[in-house]
Amino acid sequence: MAVRLYREEQALVMENPGCAGAVMRRSLSLPKRPNWHRKQRFAAPLGVLAALLATFALPAAACGPESNCGIGERHYRIRMPAGHDGKTPVPVLLFAHGYTATPAAVMANAGLARTIDGLGAALIAPKSAYKGWALANAPRAATRPAVDEPAFIDAVLADAASRFSLDLGRVVASGFSSGGMMAWTLACQGGDRYAGFIPIAGTFWAPVPSDCPARPASLVHLHGDADQTVPLDGRAIADTRQGRVADALSLFARHGGFGLPEPVRNGHLRCQKRTNAAGQVLAFCLYPGGHGFAPEDIPYAWGLIMGSGRN
C-alpha cells in the first residue's frame, strides 16, 4: 500500500512546537475534488444536553464544512457524508486538530474528507481554546485560565446533533499531535460517552494519569516509528514534557482489564492488539515515517472499534 504521509507545510513556531500538527497536512497526491450512562455511550439526559447548549449560547445559523458552527466564542465545522438524505442518523468521527491548526484546515484536508466519507460518517472538527488544546500539564498551562475542553466537546456534539442527523451512540474521537493528546484526554475522562478513540501521534502531557474516571472503551493508537516531534518516549517542551506512549497504553490496559498483546499487521501498520472480557480493543499501531499521518489508516482503526464488543 502506498503511504501518503501528511507533513508540515511550514515550520512550527510559538510556544508549543512539540505538538505539531500545527498546520494541516496536504497529501502528496491530492485528488482534485474538493460520567453519563451507556447508550448511553453518549446518550446524555436531555436536561444535561439542554444545559450545555444554554451554557455555550448557541446561534441557529447554518453551518457546515466551509462555515463555522458557533458556540459562544468558539466554533466547530462539520461535513456530512456525500449523498446523505438529511434524515438517516450517521456515525461521527470527531477530529481534534493539531497545534495552531483550525477546523477549516481539517475540512480542507481532501484525503481525510474522502476517507471519512468512505466510512459513511460525519466529520466534525472542533476549535481548541487556545492555539493548542487546554490540557493538564500542557506548556504554560498555569498562566492561562482553566478550560474544560471535554465539556466543550460535549457541547459540540449536542449542538451538532440538534442541527444534523447524527448517531451519538457511534461517535469516535480522533486527532493528530496535540489533537491526539485531546483524544487521549477524552478517553480517560469520558470514555463511556464514545464508541472509541483513535489518537494519532500524541498522548498525555507528563505525568501520565494514574487512573481514569470513565469506564473503559476501545482505543487504537497510531504513531510514526521515526517521529522526532512527538517521540514515543516523549521529549521536554518548555516547562513540561510529553508523556511516554508506553505509559499511556499501560494505564489503559490496567484500566480496561486488557489481556496480553498479540502482533497484527495491516498493510504497513505493525500493531500490538489486546482485548478484554467485554470484547473491547486496545491496539498500538506503528507506521513507517515521522510526524505525519495517512488518513487511509483510519478505516482499519475504525473497523477494530466498531467491531468490538461494545458496539
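No value in this document is a laboratory result; all are computed from the given coordinates. Remember, predicted model here, so these are calculated numbers, not experimental data. Counting neighbours? That spans all protein chains shown, and the Cβs are built from the backbone with ideal geometry, glycine included.
In table form, for the structure just shown:
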{"item": "Viscosity 0.692 mPa s, temperature 37 °C, Stokes-Einstein D of the stretch 200-302 from Kirkwood C-alpha radius, µm²/s", "result": "231"}
{"item": "Neighbour-count ranking [beta-carbon atoms within 10 angstrom, fewest first] of Val281, Val106", "result": "Val281, Val106"}
{"item": "Gyration tensor verdict on the stretch 200-255 (Cα atoms; rounded if a/c is under 1.5, prolate if a/b is larger than b/c, oblate otherwise)", "result": "oblate"}
{"item": "Gain upon complete extension [Lys131, Arg265; 0.36 nm per residue less C-alpha separation]", "result": "44.7 nm"}
{"item": "Calculated over the stretch 46-306: convex hull of Cα atoms, volume per residue (Å³)", "result": "122"}
{"item": "Exposure proxy order (Cβ contacts within 10 Å, fewest to most) of Met107, Met182, Met80", "result": "Met80, Met107, Met182"}
{"item": "In sequence order, calculated HN-Hα J values of the stretch 162-168 (Karplus, 6.51, -1.76, 1.60; Hz; x Gly/Pro)", "result": "7, 9, 10, 8, 10, 9, 6"}
{"item": "Cα→Cβ-extended label distance, 7 Å offset, between Ala278 and Asp239, nm", "result": "3.7"}
{"item": "Placed amide H near Gly289: partners under 5 Å, 5+ positions off or other chain", "result": "Asp225, Ala226"}
{"item": "Label-point separation in nm, Ala206 to Thr88, each point 7 Å along Cα→Cβ", "result": "4.9"}
